[in-house]
Structures are given as structure tokens and as C-alpha cells.
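Single-structure report; data block below.
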Amino acid sequence: MRIISKEDFADFVEALIKDKSLNVIGVKSKGDKFAFGSLESVTELRLDYDVTILPPKKYFFPQRETLVTYDLAKGFAAKSPIEAKPMVIIGVHPYDIVALLHMDEIFRETKSDPYYFEKRQASIIIGINIQKMSKWCFAPAMGCAVIDYGYELMLTDLGNRYAINIGSQKGEQLLEKYAKNVKQALARDVQLVGQKKREVMDMAQQKFDFSPEIIPELLSKSYEKSGFWEKHAEKCLACGSCVLVCPTCYCFDVKDQADLSLEYGERIRTWDGCLLEDFAKIASGENFRPTRPTRYRHRYFKKGKYLFDRFGFISCVGCGRCSSNCLPDIANPVKLFNAMYHELRNRGEQVAPAAVPEVEIQTEGNIDYVPKLATIVRKVVMTAKETLFEIKLDDGTDLNHKPGQFVELSVFGVGEAPISISSSPTKKGTFELCVRKVGSVTTRLHALNVGDKVGIRGPFGNGFDAEQLKGKDLLFIAGGLGIAPLRSLFNYVLDNRKDYGRVILLYGCKEPREMLFGEELLALTKRDDVEFKPTVDWCPENELWEGNIGVITTLIPQVNFNPETTYAIVCGPPIMYKFVITDLKSRKMPDNHIILSLERRMKCGVGKCGHCQINQIYVCKDGPVFNYSKIKGVPEAL
Amino acid sequence: MKPKVAFFDFAGCEGDQLQIANLEEELLTLLGQVEVVSFREVMKEHSDNYDIAFVEGSCTRLQDEDRLKQIRKNAKIVVAIGSCATIGGINSLKNYQDLDEVRKTVYGDKAYLFDTYAARPIDAIIPVDAYVHGCPIDREEFLSVIKSLLLGKKPDIPNYPVCVECKKNENVCAFERGQFCVGPVTRAGCNSCCVNEGTICWGCRGLVDNPNENSQKEVLIKYGLTVDEAIDKFKLYFGWQERKR
Ligand SMILES: Cc1cc2nc3c(=O)[nH]c(=O)nc-3n(C[C@H](O)[C@H](O)[C@H](O)COP(=O)(O)OP(=O)(O)OC[C@H]3O[C@@H](n4cnc5c(N)ncnc54)[C@H](O)[C@@H]3O)c2cc1C
Ligand code: SF4
Ligand code: SF4
Ligand code: SF4
Ligand code: SF4
Ligand code: SF4
Ligand code: FES
């Protein structure tokens, strides 16, 4: 530990500010509140603050950030590198430092987010022990009020001097280079710092009536609790304030912005939040968290349970920003968890601390947000709404996908949309996408022609396990556009026909004219190694239809299969799953023989933006293909 | 071929057309992409041959309806610009008064000659394809809507409240400054410009799709407004939308 007088500390900060190769940031006042901002003089620095309006995460994951630029003539490019000026952030409270460490884990899982880490690695964090605590803060209870890691330097105010804990070599070097008269701390000062830290632990006005380790278990017992979430969320304005100010929230939206010439533009990401109404809504109008209570509940679960299961920490550092920014005062985690605790206790339920899961975070390489250029080489209009696009990557490579995976398809200036690859990987050189015109990207895509350029990222998702299915009988059940992802596996199986047992395809659409891949499917009827049964919900009187009439489930009784050897592979509109699964189960099909491909709103495709989440599952990364036995207990799944 | 564009005004102050006329340099670039065939603010000519119609002002008389329907017939895309056209705007304040009274204050003893009814947004009469909200509209947003239309994409009009932008801008909340704000129920898209300037959101962009009005009124009262004052906060811009809900 070192000691520096306040005068010498002021000189240290001024020396940092003078060095134009650094971007020096500190806590400043803003009205009656505080905010991190660029320092022009040390006199602006307010280390006696209680809490800042926004946490310092805005420097690493800004409110708005360019991911990619594009130029119609040239294609996509990563945004030009920012002046990666090293940033020195002065006055970060311990809870905000812990939050940054949480963000590091989140942005590094599976694949690292280069935009986040480029800034994070160029930063120097100078923390300060809390002097005033906001009345909403409960960082002590979360173990985030005092820390001895995660910083370069940590200051403690000792009246006329600061004690400095050195957390890294970078910190040590910074002092050496810019500070004068830094002394070794005496035992007395070391003691004083210890005392100050103990005082911090007693400052909180917000207190849990239990030990926070039980939060994950409390939540586990409260998901379906009748009326609880409705009651607490009744006043929710769906304003998103509670998540936008949170130092550990990381959800984002991605959009394209063209300039006036419409030839250049950029793709930006901006903060988003799960409390907002359209967060989980997809183009067809389905909203997977349609009500305020379901969205309100999701936030608590995400913080206290889902991320705990995934990373081993409760993703709340107790800063209290959510509580203080919620106008109807319903976002205070302490209040909510206390209410939950007492309600369970009154019902005589015991809640034990959750065992911290053994987690090892896998990460490999960087996320590539820059799409590869690709060309439409064939366009086949299939129905009024669906068109098949055959696409070739301009760099001449194969996509190398697994059946059931998807790509993020970009149309310049309009945006990105996740689309299943509907051709088999056995088809080389090009791949096919079957796209329904529903919203902006898809409508614009439909207007493109052979020779036009699109962007492709991926393949993403897990895809079907074609190996594991070898030797099995396969029962494909597709509803409407659900045929698109199934076709990749179906064609793969046909190309490796001898590796598989029986192959049955049940396919339903609303009316004959909506049938996709009509000719291709018709050809199946001539094969004796495939059983194909189509159905339509109804057939207009003047049209010809020889197949079944009725919803897809009316086909299931028409096929005989051995549930022991058969695997069902199901994809269709959200409402279809429940019915199909019930029917399959009544035919004694074991749960783990049912394989589903699910759809959710997606923005990143790589497990970062939060949009595709079904409870603790990321559809983009953990799916879109799921074994029913694994998700039947996941309440938001079906 | 460049899309042909026309501007029309109904009951409103024409503030929005002024915003557009003021775009100057950007307008010139924009003119490279579109052909303006009718724009009373800056030109004399008029033509009924247009693809995109921008309509300003609210519908306040039965006679307006025919004109609107004709515009709808002529145009491929109808865009409502400014609060009066998108949500009824300030004009709907008068919906709270007795309409006969309004007519008398406005037209004196000739009132019987003028037929007026509750002010309403133009989508109460005809289908509208896109909205440029605001009172007055934000020029950037107007350009962004045009760009979207030219690109064939849905303009990006948020369905979340002003608080979202306000938080991103790290403003001190009006309520913490002792003021009263309807940002939590008002559709964002203005980048919370009024709060950024140190004032409050009055609600000029109208309500979000599913506002929690009761809770918002409770908040206003909790922070010190009387019930009537809280209701007045909602009258300024939400008149038509509230009536419809
Ligand atoms: C794994 C997966 C596979 C898919 N495969 C296909 C396919 O093969 N063919 C096909 O036609 N459609 C497919 N979809 C649906 C398709 O992604 C949406 O229809 C599309 O994103 C709509 O975009 P839009 O811009 O036209 O609509 P808009 O309403 O303008 O949507 C704007 C943005 O919202 C998001 N979004 C909206 N709807 C969805 C959605 N259903 N899923 C994910 N994000 C959405 C996207 O980011 C989109 O860019 C798939 C979706 C998922 C998740
Ligand atoms: S909980 Fe509070 S802050 Fe969060 S969205 Fe609802 S009203 Fe807004
Ligand atoms: S949930 Fe609330 S208290 Fe916890 S870290 Fe986020 S803003 Fe702070
Ligand atoms: S899903 Fe989680 S990280 Fe995303 S906004 Fe909600 S609480 Fe925050
Ligand atoms: S000032 Fe208004 S818009 Fe901003 S956060 Fe407060 S209530 Fe919301
Ligand atoms: S802050 Fe409110 S009043 Fe101001 S422009 Fe935005 S919506 Fe209109
Ligand atoms: S987390 Fe972004 S799409 Fe899944």
C-alpha cells in the first residue's frame, strides 16, 4: 500500500490530463447527480460521489457503436479502428469494478466480442472506496462493496491523503510515470484503510432479510407462483430504465443506417432491454414475452438464476441504480426478493443456498460481425410469399454448415435476418435459403435479383446431429415454412440414404398454393424409399388437391412407426409444437426421440444480444435444434 | 425513375413543412433522390401525379375527409408528418371542450356556418404507411424515414418510451429535478431532446402502443401533482389516443 497527499494526487491527475495520448475520465457532478465524463481539470473530479447515473460500462459497451460500415460498390468492412487511446477511468466504485468483471465473462463466453475487448484492454481503472453510499445501494450484501482485485489502483480517502492499493503492474507504472511523492504506507494507514472498509460494509440502508446466496433457489421456487409476478409488475411502465442503467445488463439491438446517397451506411448496435415491449417479438407478430409480468420476471431470473447457472455468479452487484430509477418503485431487488422470501416462508417452504455450479467458460476466437459478400446465383419464386435464393460466397469457399444451422443474411442498408440453410451440406459450391417476405429485410431481399449482392455471417447454431440419427427411422414433421430448415437434413439423409432407416415426411400448409418445394416433393411420391404425406388446412373449391385435408396432426394417426426406433424431427409455427408433441407422446414416442427446431427473435446469432433467450437458453447458440427431453421443463420454450 | 413527392397541409401550424424547407443542403441531396411535385411552402406549381404524399395537420372537419381520401387514392405511400397528423396533436385539446363553444370562440356569430368536429389524426380517416412523429418533427428523423421508404424498409419508429433514450443520454430525470414528465408513456424517437435541454417531455410523439397510463398517473401524483393536474398532463397531446383507448 502507498500513500499520496491530496495535493500530489491532484498533480498526478493533472499530469495524466496533460498527456494527450491518454483519455482521462472521472466522476463529475451533473445537476445534483454524478456522471463519468472526460476530465479537463482535476477540479471537476468528485470522488465523494454516491453513485453515477450510468455505470462506466458505457466506455466499453457504448450506448451506440458502429460495428460495420458498408459501401454498395465495395461491400462490408469492419468499422475503421477507433483511436484506441488508452483510457484512464478515475473514481470507479468497487461494485462497478465487479460489474465490469462480470461483463468480461459475458462478452468472452464462446467467442470474444472484439469491440468490447479492444476498449477494455486499453483501459486503466483507478477505483475508490465508497465514501457516501446511495440510499438504494446494497453492494455490501452482494459482496461487491469492497474488493481487492479488478483494478489498477484503488484509492481510499484518509482525510488529507489517499491510500493507494496497487492492483497491477500497469497501475504501478502509472504511478511511477505520473505521480510524485508516493510513499510506502505506514502500519497506521493500513489499519485506517481496513477500518474504512469495515465502515463501508455497514453503510447500506437496503438490507436483505436472508443471505443472498439463496437467491437462485428462491427464484427456482417462484417462477410459476400465481399472482406474485402480476402483483409486483402491475405498475411497470415498460420503460426499461431498470435495465438501461444496470452495470451488468448487456442486451443490444442492431440496426442499419444508410446515408442520404443510400450507397454508404453503417450497422450500429445500441443498448436494448428485456423490459421493453418488443424485445422478444418476431416479424410474424408472435411475442414470446408479451406481458409486463413476464418481462419483469425475466429480468430477475436473468440476474439471479440464468446467469448464475451459466457463469456461477449472481449478476447483480447491488449498485441500486435500478431501484432509484424506477419511477413506480418496483425494480428494487432487495424489496422484491424480501417479499419473495417471506411469501415462501409463510407457506412453510425452506430455501437452502444454491450450490455454486462448476463452470468453465469456453471461448475461442473473436465474433465476426462483418458479413462475407455473397451473390445471388438463382432465384425461384415458390409462392406468393416465399422465394428460394441460391447463394454463392464471393470468396469461393463452401459454407461448411451442418443441416439445421442458419445464417445471418444482410441486405445493404436494411439489416440482418436469421435464415435457415435449406440445402444439404452435400450440395457444394452454393447453398439455398427459402425466405418468406414478412418485414424489412425479407421484403427487400425479395426485390433483389440474380447477380445482386448480399452479406452472409455464419453458419450459426448447433444444427441436427445427423451422425447420431444414423440407422434410425426418421419421421419429419414440417408445418409451413418449417420445411425450410428440415429440408437441409432431409436432403442430406436422401443423399446418404443407406445410412438411415425409414424416412417419412409429413408436411402441412394452409392451402395447396402455399406448398413449398412442390415439384421436389412430388418427385418423392415416385420413390419407394421415402413415405411422403402432405396435408392442407383447407382447399379452395376451384383448386385440385388429392392429399389429406386437415391440420398436420391429422396425418400422424395415418402413419405407422415403431416409437423405439423412430426419431421425430419437427419444425413449424410456434403453436404447432404442443399439439404435435402430445400426439407423438400418445403414440408412445419417448421424449428424447423428439427433436425440435425453434424460432426466436435474433440480433447477433452468437449468444450476446439476449434477444433469443428462452429462460436460460440461447436459441442462437444452444439451438435452434433442441431435444424435447432437454427443454420440456423450460417454461418459455413451447 | 425518381419517386414523385407531394406535401399537403390540414389543420396545423405548418411548422413541420418549415422544418423540411429548412433542411437546405440535405434537402438538395435528397432532391437528387426524389422529385418534389407539390410543396406550398417553397413552390407554386402543383400536380396530382405523385408517389409519396406527406400530410401535415389533423383532420378537424368533415370536408377534410374527402380531400384526404383523394390523396390516398393518388399516392402509393402516405406519410403523416407532425403530431397533428400522427396523433391529433395539440388540436385534440379542443376535444375536451364543448365543440359548440369552440366554434363560437373561433368563428364568433358565424359559427353555424362552420362545421367542426373532434380533431383527429389522419389515420382515423385513411390508412397511413409511415409516421414522422413530433411537434415539430425532427429533421433527422424525417430524413431517416425518407431513406427507409426509398430503401423499401419499414421506418424505424420505436415502440418504447422516451425514458429509454433519456437514460442512454444520462440525463438527470425530470422527477428528480422536481418536474413532471410524461416520457414513460410517450413514444421515443426524438432522442429525448427536450429533457436533454433540461426541460421535460410533454408527450408530443404520442403514446406508445401499450402505455401503462394508470401507473404513469400514479407516479405523477406520487411526486406531487393533483389528480386534475395529472389528467391535464395527458390532455396536451394524448387527447385522441386516450379517447380511442
Ligand atoms: C433460427 C431461425 C431460422 C429462420 N429461418 C427462416 C427461414 O428459413 N426462412 C424465413 O423466411 N424465415 C426464417 N426465419 C425467420 C426470419 O428470421 C424472420 O422472418 C426475419 O428476421 C424477419 O426480418 P424482417 O427484417 O423481414 O422483418 P422485420 O419485422 O422488419 O424485423 C426486423 C428485425 O427483427 C428481427 N426478427 C423479426 N422476426 C424475427 C424472427 N422470426 N426470428 C428472428 N428474428 C426476427 C430480425 O433481427 C429482423 O431483422 C428464421 C428465424 C430464426 C430465428
Ligand atoms: S420495472 Fe420500473 S424501471 Fe423497470 S421497466 Fe418497469 S417501470 Fe421501468
Ligand atoms: S440489478 Fe440493479 S442493483 Fe443490481 S447491478 Fe443492476 S442496477 Fe445495480
Ligand atoms: S436480458 Fe438480462 S442483460 Fe438483457 S436487459 Fe434483461 S436483465 Fe439485462
Ligand atoms: S426525465 Fe422523463 S423521459 Fe427522462 S427518465 Fe425521467 S421520466 Fe423518463
Ligand atoms: S421529449 Fe417528449 S415532448 Fe420533447 S420531442 Fe420528445 S416526445 Fe416530444
Ligand atoms: S443472443 Fe443474440 S441472437 Fe441469440
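The values are calculated or read from the model by the stated rules, or taken from the named source; none is laboratory data. Small disclaimer: the values here were computed from a predicted structure and weren't measured. Don't worry about glycine lacking a Cβ; one is built from the backbone with ideal geometry, like all the others, and counts go over all protein chains shown. What goes into the accessible areas is simple: the full protein's heavy atoms, side chains included, and nothing from ligands, DNA or RNA. Shrake-Rupley method; radii C 1.70, N 1.55, O 1.52, S 1.80 Å.
Residues A:255, B:154, A:427, B:2, ordered by accessible area of protein heavy atoms at a 1.4 angstrom probe radius and largest first, appear as B:154, B:2, A:427, A:255. Full extension of the chain between residue A:234 and residue A:393 yields a length gain of 52.2 nm, computed as 0.36 nm times the residue separation minus the alpha carbon distance. Summarising the label geometry, the points placed 7 Å from Cα in the beta-carbon direction at residue B:243 and residue A:329 lie 3.7 nm from one another. At full extension, residue A:443 and residue A:538 could sit 31.5 nm farther apart than now, given 0.36 nm per residue minus the alpha carbon distance.
Within 10 Å of the Cβ of each residue in A:232-242, the mean number of Cβ atoms contributed by other protein chains is 6. Per-peptide packing, taken as the mean over residues of other Cβ atoms within 10 Å, places A:342-350, B:145-153 in the sequence B:145-153, A:342-350 from highest down.
Once both labels are positioned 7 Å from their Cα atoms along Cα-to-Cβ, the gap between residue A:30 and residue B:225 label points is 2.4 nm. When the trypsin sites (Lys or Arg not before Pro) in the range A:1-107 are filtered for DSSP coil states and for at most 14 other beta-carbon atoms within 10 Å of their beta-carbon, the remaining sites are A:20, A:74.
Inter-chain neighbour count for B:173-181: the average number of beta-carbon atoms from partner chains within 10 Å of each residue's beta-carbon is 2. If you plug the beta carbon distance of residue B:65 and residue A:309 into 1/(1 + (r/R0)^6) with R0 = 56 Å, you get a FRET efficiency near 0.45.
Taking the range A:371-408 and a reference point 7 angstrom along Cα→Cβ of residue A:364, the backbone N atoms nearer than 15 Å belong to A:401-402. Here the simple spin-label model places points 7 Å from the Cα toward Cβ, and for residue A:117 and residue B:140 these points are separated by 3.2 nm.
Here is the result for the range A:335-438: no chymotrypsin sites (Phe, Trp or Tyr not before Pro) lie in DSSP coil with at most 12 other C-beta atoms within 10 angstrom of their C-beta. When chains A and B come together, the accessible area they lose, probed at 1.4 Å and totalled over both chains, is close to 3300 Å². For the range A:138-241, trypsin sites (Lys or Arg not before Pro) meeting the loop criterion (DSSP other than H, G, I, E, B) and having at most 14 other Cβ atoms within 10 Å: A:180, A:207. Accessible surface for residue A:335 stands near 110 Å², nearest 10, in the context of the full protein assembly shown (1.4 Å probe). What shape does the range A:2-201 take by its C-alpha gyration tensor, where a ≥ b ≥ c are the square roots of the eigenvalues and a/c under 1.5 counts as rounded, a/b above b/c as prolate, and the rest as oblate? Prolate. The angle between the Cα long axis of helix A:576-586 and the longest principal axis of the Cα atoms of chain A comes to about 70 degrees, rounded to the nearest 10. The slack between residue A:345 and residue A:211, meaning 0.36 nm per residue of separation minus the straight C-alpha distance, is 46.8 nm. For residue B:48, the solvent-accessible surface computed with a 1.4 Å probe is close to 100 Å², ligands and nucleic acids excluded. Over the residues of chain A, the helix contribution to mean residue ellipticity at 222 nm works out to -7000 deg cm²/dmol, using -39500 (n - 2.57) for each DSSP H run of at least 4.
Of the listed residues B:236, A:433, the order by accessible area with a 1.4 Å probe, largest first, is B:236, A:433.
For peptide A:24-35, the mean count of partner chain Cβ atoms within 10 Å of a residue's Cβ comes to 2.
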